[in-house]
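See structure below.
The values are calculated or read from the model by the stated rules, or taken from the named source; none is laboratory data. The structure displayed is predicted, hence computed values, not measured ones. Reconstructed Cβ throughout: ideal geometry from the backbone, glycine too, with neighbour counts over all protein chains shown. Ligands, DNA and RNA are excluded from the accessible area calculation, which covers all protein heavy atoms including side chains. Shrake-Rupley method; radii C 1.70, N 1.55, O 1.52, S 1.80 Å.
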Amino acid sequence: MLKQERYRHFVDYFSKNQPDAVTELHYGSPFQLLIAVILSAQCTDKRINQVTPALFERFPTAESLAASTPEEVFTYIRSVSYPNNKAKHLVGMAKILVDVFHNEVPSDIDELQKMPGVGRKTANVIASVVYDAPAIAVDTHVFRVANRIGLTTNARTPLAVEKQLVEYLPQETLAIAHHWLILHGRYICVARSPKCDICPLTWFCKYYYRTHTESYLQKVEAEKARKVKDQKKKKSLDAISKELKKRSVK
Ligand code: SF4
């Protein structure tokens, strides 16, 4: 199947079935989304949604967060991953937001990255979710799922994946495609054992095709048979050595 066709099937399926996909992070303003996305690095959205209500209540504005200390912020986010660093990032981000950007979360990817804790992925999320910019953030789910489906080829870094997705996806779908890939990766195309048996994308998924062709299945069966044989061999060797031990004791 041609790459373009695969992209067409991907966009067709999700446009019809998930036309309103959005982030699962809870937020009420661009400032709150920025906080939530910084916190979400290497952590689950569920966990972030548990800590942000109290955090947002204590720090309703960038000024209040900028006037705080990482030590105080830490007490609100201690249960997320890397709380020390993230507390420092949040206070640093708020200071720049107040001093440099006059409380306005910037829309430009480069400007966004001037704030601590904001890498390219976070900047792309803000640009696409808040400003509807044609940008796509590549996180671990997007990286994995795009590769498995075959939307990307030999893309070994998040930036390479981003470039290929930007090249092939229709511009107006870039922002929402980020959510399609994340949600699909979170609930169906999970990291360890993708749930291909319930996945609606099997008919154009490269990974599925590769892992369900006859030669692949033959390899899997051969591997299983080899393991069974090895286990039997080990069992009989164990029995022999047990018997020898018994005899030497006598
Ligand atoms: S078929 Fe399997 S590998 Fe392909 S997208 Fe679906 S779950 Fe992922």
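Using each residue's phi in segment 179-196, evaluate 6.51 cos²θ - 1.76 cosθ + 1.60 at θ = phi - 60° and report the 3J(HN,Hα) Karplus result to the nearest Hz, with x for Gly and Pro.
Values, residue by residue: 5, 4, 5, 5, 5, 5, x, 6, 10, 10, 8, 6, 4, 6, 10, x, 8, 4 Hz.
Are there any trypsin sites (Lys or Arg not before Pro) in segment 167-248 that are in a DSSP loop and have at most 14 other Cβ atoms within 10 Å? List them by number.
Those satisfying the criteria are Arg192, Lys195.
When only C-alpha pairs under 8 Å and at least 6 residues apart count, what is the relative contact order of segment 1-157, in percent?
So the answer I get is 19 percent.
Which lysines does Lys206 reach when only Cα atoms under 17 Å apart count, and residues fewer than 8 places away in its own chain are ignored?
Lys3, Lys195
Report, in degrees rounded to the nearest 10, the 0 to 90 angle that the Cα long axis of helix 45-58 makes with the longest principal axis of the chain.
With rounding to tens, the tilt is 20 degrees.
When the Karplus curve 6.51 cos²θ - 1.76 cosθ + 1.60 is applied with θ = phi - 60°, which whole-Hz ³J(HN,Hα) does each residue of segment 4-21 get, with x for Gly and Pro?
These are the phi-based 3J(HN,Hα) values: 4, 5, 4, 4, 5, 5, 4, 5, 4, 4, 6, 4, 6, 9, 9, x, 10, 4 Hz.
So for segment 164-250, Kirkwood radius off the Cα pairs, Stokes-Einstein at 25 °C and 0.890 mPa s: how many µm² s⁻¹?
140 µm²/s
What net charge do the residues around Leu159 carry, taking every other residue with its C-beta under 12 Å from that of Leu159, with Lys and Arg at +1 and Asp and Glu at -1?
Here the count lands on +3.
What's the percent breakdown of Cα-Cα distances in segment 34-136 across 10 Å bins, shortest bin first?
For segment 34-136, the pair-distance distribution reads 17, 50, 32, 2.
How large is the convex hull of the Cα atoms of segment 1-81 per residue, expressed in Å³ as a whole number?
Per-residue hull volume (Cα only) is 128 Å³.
Which of Ser64, Ser193, Ser236 moves the most in a Gaussian network model of the chain with Cα springs under 10 Å?
Among Ser64, Ser193, Ser236, the largest GNM mean-square fluctuation belongs to Ser236.
Once the Cα atoms of helix 120-131 and of the chain are each reduced to a long axis, what angle between those two axes, in degrees from 0 to 90 to the nearest 10, is obtained?
That helix lies at roughly 60 degrees to the long axis.
Mind checking Rg over Rh on the chain, alpha carbons, Kirkwood formula for Rh?
Here the Rg-to-Rh quotient is 1.17.
Mind running the shape call on segment 96-173? Use the C-alpha gyration tensor, a ≥ b ≥ c as the square roots of the eigenvalues: rounded below 1.5 for a/c, prolate if a/b tops b/c, oblate otherwise.
prolate
Ignoring ligands, DNA and RNA, what percent of the 1.4 Å accessible area of segment 21-154 is carbon and sulfur?
52 percent
As a check on your grasp of the helix formula, calculate [θ] at 222 nm for the chain: sum -39500 (n - 2.57) over DSSP H runs of n ≥ 4, divide by the residue count, round to the nearest 500.
-20500 deg cm²/dmol
Would you please classify the overall shape of segment 163-202 from the alpha carbon gyration tensor, given that a ≥ b ≥ c denote the square roots of the eigenvalues, rounded means a/c under 1.5, and beyond that prolate means a/b larger than b/c while oblate covers the rest?
prolate
Which of the lysines could a cross-linker span from Lys232 if the Cα-Cα distance has to be under 22 Å and same-chain partners fewer than 8 positions apart are dropped?
Result set, ordered by chain and number: Lys219, Lys224, Lys242, Lys245, Lys246.
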